[in-house]
1. When only alpha-carbon atoms count, how far does the stretch 359-488 stretch along each of its three principal axes, as whole angstroms with the largest first?
2. Could you tell me whether the stretch 291-379 comes out rounded, prolate or oblate from its Cα gyration tensor? Rule is a ≥ b ≥ c as square roots of the eigenvalues, rounded for a/c under 1.5, then prolate if a/b exceeds b/c, otherwise oblate.
3. Compute the length gained on full extension between residue 202 and residue 419: take 0.36 nm times their separation in residues and subtract their Cα-Cα distance, giving the result in nm to one decimal.
4. Once the Cα gyration tensor of the stretch 214-351 is found, what semi-axes does its equivalent ellipsoid get, as square roots of 5 times the eigenvalues, in whole Å, sorted largest first?
5. Please state, to two decimals, what the Cα-based radius of gyration of the chain comes to when divided by 2.2 N^0.38 Å (N = residues).
6. For the stretch 135-226, what is the convex hull (Cα atoms) projected area averaged across all directions, in square nanometres?
7. Evaluate the Kirkwood expression for the hydrodynamic radius of the stretch 160-199, namely the inverse of the mean inverse distance over all pairs of different C-alpha atoms, and round to one decimal in Å.
8. Please give the contour-minus-distance gain from residue 380 to residue 501: 0.36 nm per residue of separation, less the Cα-Cα distance, rounded to one decimal in nm.
Ligand code: GLA
């Protein structure tokens, strides 16, 4: 039924040929300025991303979403909790995966008062309770909705006409990421609709990663960077539970065409990954993961994390590949040469001066591809070290070029540098994103709670700063530590507080030590329960 719905809605077609006249809709905002088949940035393309304001998703978001493996039926609180546990136990959290939560998992309905309420049969702790569980594990909370009248299955209400109320509900549930689908939106103007949702989200006061999901409809790459953080460029990568290698490759090549639109805080999203789903070979898993990293795509795993073999874990947690995806320059790699079987992907400079290169082989036997330095814009005489990001071996220096030997559906994923070192950029992992404190006495108390953040990448962390002006009077935050670990020590003074519950969302900015410019922001929640009125 689901597959029928996808095909009959025309979404597969519209998304599969990104930028070709098949995408029927041009948003009002861009109608005058841009031709219909726009696959490279027009002159005057706004480079400013919404992320510059909130500091979120300055590198591609990483996490897990249930749709590819599970569809809507088996989604419930137990599944999401088990997956969150598996995300930690498998080492994926330590590799940078953070966002996790239900997709179209029949999570909520709309009451007679217009407000969203949790479907308690499926999510007995409530959507807020599930979020607290996720935050207490040092993970971030992802939720799903739709910009139309209903979600795609029709089983959940969409945000149309309830944009401000619903964004407030997602903020109250403490979502950190929201995927917003585009089903049941007939007659709505796409850019205007998503702009209203972004405004509503800002009004709700909780910065949230906005993941637009119109499958390429309305050319979101032209306008969505100013209002959200990432946008789907294509139709669904698979029907639930049915990984489809050929379709995934079509999606990769369609997404590739949009490389000029990606950058820090504004990412092309070729959909959640199918790595580790039944039906794919190890080579295909490796290739898909490498392509997603090469395209600086969001890395949302879509497999069953509770039942992964070692090879899947090794692929999903390969920090050397992830380093390419998470490189702070945020450049999306592209195809520079393609003979139909072998494609050479390059154009991805990395922050340390090295560059990533990928050879994908889609033929039947084995292929050798000589990569000439000149094809990559380098001098033939350059002497370069070549790091194989899967065998983790460095060779060279090589002059003129390098020959990669690649098996069917496999890749050579390489990093080239004049230096023999290949540093890993910051991979931020927190021990929790929630500090919960309780004051029992009517005498003033001082309570402390800590959030520790570790860089699993190569270098020391740059300094973090919390603006004291942004905190409520009862809370002070000190950032302690050096090297790869920082602790945010939260000190609460209860003097004069009335009985009740208090909440603060703390924003810490990671600042460039030289320019003082904020690099990325980290948010966590502080909850305080005061059991009695407290004297001064
Ligand atoms: C659309 C999206 C999918 C998934 C489903 C849920 O098809 O593209 O990723 O969220 O809706 O119905």
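We did not get these values from a lab; they are worked out from the coordinates using the rules stated. Just so you know, these numbers come straight off a predicted model, no measurement behind them. In this analysis, Cβ positions are derived from the backbone assuming ideal geometry, glycine residues included, and neighbour counts consider all displayed protein chains.
1. 75, 34, 23
2. oblate
3. 73.7 nm
4. The answer is 23, 17, 16 Å, longest axis first.
5. Compactness ratio reported: 0.97.
6. 6.1 nm²
7. Result for the stretch 160-199, one decimal place: 11.0 Å.
8. 37.0 nm
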